[in-house]
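See below for the structure under consideration.
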Amino acid sequence: AGGALAIAGLFYDLSWVNRREIERFQTDHLSSYAQELARGLDALVRDETARITNLSRSRSVREFIAVRPGQRSALFTPTLDDFTNFVDSNPFYRAVLLLDRNGEALISTEGSYVGQHFAESVFFQQAIQGQATMSDPGISTLDRQPVIWLAAPVFVQRAPQAGAGAAAAGVVAVALAPDEIWQPVERLKVGQQGY
């Protein structure tokens, strides 16, 4: 009876050690997945803010924002063409808008945004201060759909030091479907019973 009790004790200890080893392995695996996901999302944000910054520096955008309203008709088509090409480059982009320094949408690939005011939006406030940004997910007041806003300041002068002290003349904003961010999260299975 004493030998059986000793063997049962050994099996219990071995089972406990195995459980701890499996838990440690699962924790390490989960940590690795989380780090991989974080790196991927950081790269996505960097890429998207770089793309919106490049759009904000395009000639058509800078010229459109720089001229008086009465002179914009000749620049409307080239600017809208640039915006349309940008929207077409990513299935998650919904609309591109050009906002003046007061936050009013002057031109957009989605006509219903024209005339809307975004001055109170956090993304606009950050971008008009000279910082390219990606907003937290929210609900669009226009179509009640989930949206993330990408925004970058527009400087009339293209000089490298323009962002250092020059005031932004406007903001380019892109309405982004949050699915672009949710898809990598959904694809990354963390465990058998969830994500």
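Bear in mind that the values in this text are calculations on the coordinates, not laboratory data. Predicted model, so just to flag it, every value in this text is computed and none were measured. Cβ: placed from backbone, ideal geometry, glycine included. Neighbour counts: every protein chain shown.
Odds and ends about this structure:
- Burial ranking of peptide ranges 42-54, 66-78, 120-132 (average Cβ count within 10 Å, highest at the top): 120-132, 42-54, 66-78
- Here r is the Cβ-Cβ distance between ASP42 and SER89 and R0 is 30 Å; the resulting FRET efficiency, rounded to 0.05, is 0.90.
- The range 104-149: C-alpha gyration tensor shape, a/c 1.5 cut-off, then a/b vs b/c: oblate
- Karplus 3J(HN,Hα) series, Hz, for the range 80-93 with 6.51 cos²θ - 1.76 cosθ + 1.60 (x for Gly, Pro): 5, 4, 4, 5, 5, 4, 5, 4, 5, 7, 8, x, 8, 6
- Taking amide hydrogens as placed 1.01 Å from N in the peptide plane, the amide H of ARG94 sits under 5 Å from those of ALA175, LEU176, ALA177, each at least 5 positions away in sequence or on another chain.
- The length gained on full extension between GLN116 and GLN129, counted as 0.36 nm times the residue separation minus their Cα-Cα distance, comes to 2.7 nm.
- Percent of Cα pairs exceeding the 26 Å cut-off, where the set is the range 9-151: 40 percent
- Each Cα pair under 8 Å and six or more residues apart adds its separation to the average, and for the range 10-131 the resulting relative contact order is 11 percent.
- With both labels modelled 7 Å from their Cα along Cα-to-Cβ, the GLN145 to ARG72 distance reads 2.3 nm.
- Over the range 62-110, volume per residue of the alpha carbon convex hull, in Å³: 77 Å³
- If the segment from ASP81 to GLU180 were pulled out straight at 0.36 nm per residue, it would be longer than the present Cα-Cα gap by 33.3 nm.
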